[in-house]
Amino acid sequence: MSNSKKPENEVEKTGLSRRGFLGATAMTGAGAALVGAAGLGSAVMSRESWAAAVKDAKLKYHVAPGELDDYIGFWSGGHQGEVRVLGIPSMRELMRIPVFNVDSATGWGITNESRAIMGESAKFLNGDCHHPHISMTDGKYDGKYVFINDKANTRVARIRLDIMKCDKMITIPNCQAIHGLRLQKVPYTKYVFANAEFVIPHPNDGKIFDLQHENSYTMYNVIDAEKMEVAFQIIVDGNLDNTDADYTGRFTAATCYNSEKAYDLGGMMRNERDWVVVFDIHAAEKAVKAGKFITLGDSKVPVLDGRKKGDQDSEFTRYIPVPKNPHGCNTSSDGRYFIANGKLSPTVSMIEIAKLPDLFAGKLKDPRDTIAAEPELGLGPLHTTFDGRGNAYTTLFIDSQVVKWNMADAVRAYKGEKVNYIKQKLDVHYQPGHIHASLCETSEADGQWLIALCKFSKDRFLQVGPLHPENDQLIDISGEEMKLVHDGPTYAEPHDCILARRDQIKPKKIWERNDPFFAGTTAMAKKDGINLETDNKVIRDGNKVRVYMTSMAPSYGVQEFTVKQGDEVTVVITNIDQIEDVSHGFVMVNHGVSMEISPQQTASVTFVADKPGLHWYYCSWFCHALHMEMVGRMLVEPA
Ligand code: CUK
Ligand code: CUA
Ligand code: CA
């Protein structure tokens, strides 16, 4: 075991008093501590000592050239707006799926197909995604979809996993900033649950600015996952942070850090306790059916009132007080607990899901009677994950650690038994937010790998200027002890990630010709009498010109077309190559036009030919030895 010396001990040996540094800032000024815990000195380990330290684990996570990973991960791209696909354990980035951003390589946000999916919100060039989650059937991944939130522009999007493209995007009405997002696990993902974070006045027309006003509130959103429409909304007290669903299909829970409905830091930290709001989704569905809802403004979405009226709870909400400004909300993979992570409290609160029917039936004196344990774990607990063996792993933002603890032991300790529920604390680098173990959000949590998504990388990588990458660390949790085996720099900002077994996701190798992704374009072609797979034709319709062409490496079916200055030109390209990996591109030089056309795909883009003259277009995805020669010309006659 001499070579499996833990790397974190080496860091300690360099004399860096990290514990000391963090201890000084820890929790004293509450919010200030969270912000202030960033200024570490340098602690660089030699490559030799690192290699020795991880030799065993390394053999396990090394994926040799030509080998494939065991797990496929979906990473949020944060305020960069995309979703990234990684292989685990190699941590290799396999693909990027643009969603709430504009992507020059694929033409997301530029093509007609993507803009139709983005709808009204295509006008926004930014997004801020946090929580990617894979659809489930019977509490297991079914490989159909990934759903993701956009905090910046209050949207929820869906990614089809067979083609790894976003196929639906909706803007949530009556709300500002969708943050927490989770899926119904059982019996299947009928609903997407989405927290609107910020309290706003209703109507928000400039007449009310007071957050304490009874018409100031935020809402829990229940979205039909298949239709991608909001099924109903539930008004809550306070605000909403993160959420998760149970394994019965009846309950969900959400954390609230601003029970104060304050507008500033001091105000939001005033109460010693905020709460977890628990939703009885079945009861809410009943209330909607019974017509006990209102609608707001132009929106037709049924809105239920889940606020307390004095001491009176609604039929579908309960508020469980938990310590100060809780953040993450995680359902244990054994289905027993909703775990609220304390953030400003060193504890997490374990809410026993089996007690919730009694809570809703009015059989418990105090909502706190649902608390099975409130273990003290360390400073700044943010998120928790599970290994399927009864252990939980919680990130400690301020301590820069992951703590492994045993849930059953925590419950025994809460009852007064003398038992140490903490199994191990592992240093991570640095300030971890989310944490995710393989398959942990399903009933199949397998306790193999854990990712700690660290907010700061500081000294872990070569310097790249004032803006640093983040650091997603891979930790082997298959044994008794957690072992840190890999540092993965990531660009802003993977709040969260999710891991599925590779056999659970089955993407297509080439497109199917009748794919709904480009059905709108197919319908347009049909109206124009075009056979997309064979025709190379220019259709004029007033000042609108539609150029239909095929592409097959290394040439376009149309190599020259003529339009008049000011014409609105739509280029529709069908890639008739049938060979996997032969994607073509289309770039019209000096027109801001770029798109991907993968094998058997049809893609289209519309732009104005506003400059007279000869304009080259070319293929941008390297497809053939003669890829450079895959070009054409648009001739624009002056108006
Ligand atoms: S949140 Cu970022 S660390 Cu948006 Cu899930 Cu907790
Ligand atoms: Cu076609 Cu490059
Ligand atoms: Ca608070």
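Before moving on, here are some points about what is shown:
- Any hit, region 81-89, residues being modelled with pLDDT of 95 or more, open to solvent by 10 Å² or more (accessible area, probe 1.4 Å) and either out of contact with any Gly (no Cβ under 6 Å at 6 or more places or on another chain) or charged (D, E, K, R) (or both): no
- Scan of region 147-201 for residues that are buried (at least 19 other Cβ atoms within 10 Å of the Cβ) and among the acidic types (Asp, Glu), ordered by number: 150, 197
- Evaluation of residue 289 against (1) in contact with a helix residue (DSSP H, G or I) (Cβ under 9 Å, 6 or more places away or on another chain); (2) open to solvent by 40 Å² or more (accessible area, probe 1.4 Å); (3) not acidic (Asp, Glu) (one fails), failing number: (1)
- Annotation: of all residues in region 595-617 being part of a strand (DSSP E or B) and buried (at least 22 other Cβ atoms within 10 Å of the Cβ), the one that is farthest from ligand 1 (Cβ to nearest atom) is 617.
- Within region 360-387, being part of a helix (DSSP H, G or I) and open to solvent by 10 Å² or more (accessible area, probe 1.4 Å) holds for 360, 367, 368, 369.
- Residues within region 553-569 that are part of a strand (DSSP E or B), in contact (Cβ under 8 Å) with a residue 60 or more places away in the chain and either farther than 17 Å from residue 635 by Cβ or open to solvent by 40 Å² or more (accessible area, probe 1.4 Å) (or both), tallied: 4
- Being within 23 Å of residue 428 (Cα to Cα) and away from ligand 2 (no atom under 16 Å from the Cβ) is true of residue 332.
- Test: residue in region 485-504 that is farther than 18 Å from residue 91 by Cβ and touching a residue at least 40 places away in the same chain (Cβ under 8 Å): yes
- Near pairs, Cβ below 8 angstrom, 6+ apart or cross-chain, from region 366-390 (within 14 Å of residue 323 (Cα to Cα)) to any residue that is within 16 Å of ligand 2 (Cβ to nearest atom): none
- Search result, residues across region 114-158 that are farther than 30 Å from residue 443 by Cβ, of a type in the set (Val, Ile, Thr) and more than 15 Å from ligand 1 (Cβ to nearest atom): 117
- Selected residue [within 16 Å of ligand 2 (Cβ to nearest atom), closer than 19 Å to residue 113 by Cβ and in contact with a Phe, Trp or Tyr (Cβ under 8 Å, 6 or more places away or on another chain)] from 547, 593: 593
- Qualifying residue in region 231-241 (condition: open to solvent by 10 Å² or more (accessible area, probe 1.4 Å), closer than 18 Å to residue 319 by Cα, in contact with an Asp or Glu (Cβ under 7 Å, 6 or more places away or on another chain) and at pLDDT 95 or above): no
- Test: residue in region 315-333 that is more than 16 Å from ligand 1 (Cβ to nearest atom), more than 28 Å from the chain's Cα centre (by Cα) and free of Cβ contacts under 8 Å to residues at least 12 places away in the same chain: no
- Unique residue being surrounded by 17 or more Cβ atoms within 10 Å (Cβ to Cβ) and either over 22 Å from residue 289 (Cα atoms) or free of Cβ contacts under 8 Å to residues at least 24 places away in the same chain (or both) when the list is 244, 210: 244
- Applying the set (1) assigned to a strand (DSSP E or B); (2) open to solvent by 20 Å² or more (accessible area, probe 1.4 Å); (3) out of contact with any Asp or Glu (no Cβ under 9 Å at 6 or more places or on another chain) to residue 405 leaves exactly one unmet item: (2).
- The residue list 340, 354 contains one member that is at negative phi and part of a strand (DSSP E or B), which is 340.
- Strands (runs of 3 or more DSSP E) enclosed by region 233-315 - at least 2 residues per element that are under 26 Å from residue 339 (Cβ atoms) and away from ligand 3 (no atom under 16 Å from the Cβ): 243-245, 251-256, 273-280
- Per-region count, region 213-230, residues open to solvent by less than 70 Å² (accessible area, probe 1.4 Å) and more than 19 Å from the chain's Cα centre (by Cα): 6
- Being part of a strand (DSSP E or B), at pLDDT 95 or above, open to solvent by less than 50 Å² (accessible area, probe 1.4 Å) and more than 16 Å from ligand 1 (Cβ to nearest atom) is true of residue 550.
The values are calculated or read from the model by the stated rules, or taken from the named source; none is laboratory data. The shown structure was predicted, so the numbers you read here are calculated from the model rather than taken from an experiment. Counting neighbours? That spans all protein chains shown, and the Cβs are built from the backbone with ideal geometry, glycine included. When the accessible area is computed, the model is the full protein with side chains, heavy atoms only, and any ligands, DNA or RNA have been set aside. Shrake-Rupley method; radii C 1.70, N 1.55, O 1.52, S 1.80 Å.
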